[in-house]
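Note sheet for the following structure.
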Amino acid sequence: MRAVPLRLSVAALSAALLLSACSGGGDDSDDKSADSGTTPSASAGGGSTCAVDKLDTQAGAVNAAPGAGDSGNVTFTITNTGAECSLAGFPKVQLKADGAAVAVPQDPAAVAQAVTLPEQGTASFTITYTRGDGDKAIKATKLEFGLAEGAGKEFDWSYGDVVLKDEKTPDATVSGFQQAGD
């Protein structure tokens, strides 16, 4: 006779756990930020928000697109030269050429996350692009990297022209910030 109440208790407990896991604890703010394209607060990762002038940024791993129609990746490594700080979400990136600039959109498959950078800590982000040629491409010579607010840093872009989907949208994406190193 005790087996029946025990089975019901296990089933009831399993159902309760399953339902509580689906609810997200009653606070769905993280789900909203992922769905809406907004980024979580930088302070969620610890420390103050990083300042772009305290970040040493360099192009690291490069898998350049060899010719028109080919895709390539350029990974940028960020080293924090100041006190502990946080990065959240996605970097702000623009490709520039002869007075024109186009914003590189966020990779829709990437997940925004907060990254805490101790002094000399590193993080990275990756630009994925399709190399172009002719009128349907931006002849990019510079890439500007910035954070959600404030001025950015400019870098030489030597990885070829980038296809334009339309006048303002390159066939390129930028990943979210990722923790790098140990």
Pairs with Cβ under 8 Å, 6+ apart, first in the stretch 169-180 and within 17 Å of residue 86 (Cβ to Cβ) and aromatic (Phe, Trp, Tyr), second open to solvent by 30 Å² or more (accessible area, probe 1.4 Å) and not in a strand (DSSP E or B): 177/113
The stretch 56-86: number of residues that are closer than 13 Å to residue 145 by Cα, touching a residue at least 60 places away in the same chain (Cβ under 8 Å) and not β-branched (Val, Ile, Thr): 2
Unique residue being in contact with a strand residue (DSSP E or B) (Cβ under 9 Å, 6 or more places away or on another chain), open to solvent by less than 60 Å² (accessible area, probe 1.4 Å) and either among the basic types (Lys, Arg) or within 17 Å of residue 53 (Cα to Cα) (or both) when the list is 86, 175: 86
Matching option when the condition is more than 17 Å from residue 71 (Cα to Cα) and at pLDDT 95 or above, among 88, 151, 103, 112: 103
Residue list for the stretch 63-86, restricted to those being small (Gly, Ala, Ser) and out of contact with any Phe, Trp or Tyr (no Cβ under 9 Å at 6 or more places or on another chain): 67, 68, 69, 82, 83, 86
Set 158, 124: member being modelled with pLDDT under 95 and in a strand (DSSP E or B): 124
Candidate set: the stretch 101-116, residues that are over 19 Å from residue 151 (Cβ atoms) and among the aliphatic types (A, V, I, L, M); chosen: the one surrounded by the fewest Cβ atoms within 10 Å (Cβ to Cβ): 109
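The values are calculated or read from the model by the stated rules, or taken from the named source; none is laboratory data. Just so it is clear, the model here is predicted, and its values are computed rather than measured. Please note: Cβ atoms are built from the backbone with ideal geometry, for glycine as well, and neighbour counts cover all protein chains shown. Just so you know, the surface numbers come from the protein's heavy atoms only, side chains and all, with ligands and any DNA or RNA stripped out. Shrake-Rupley method; radii C 1.70, N 1.55, O 1.52, S 1.80 Å.
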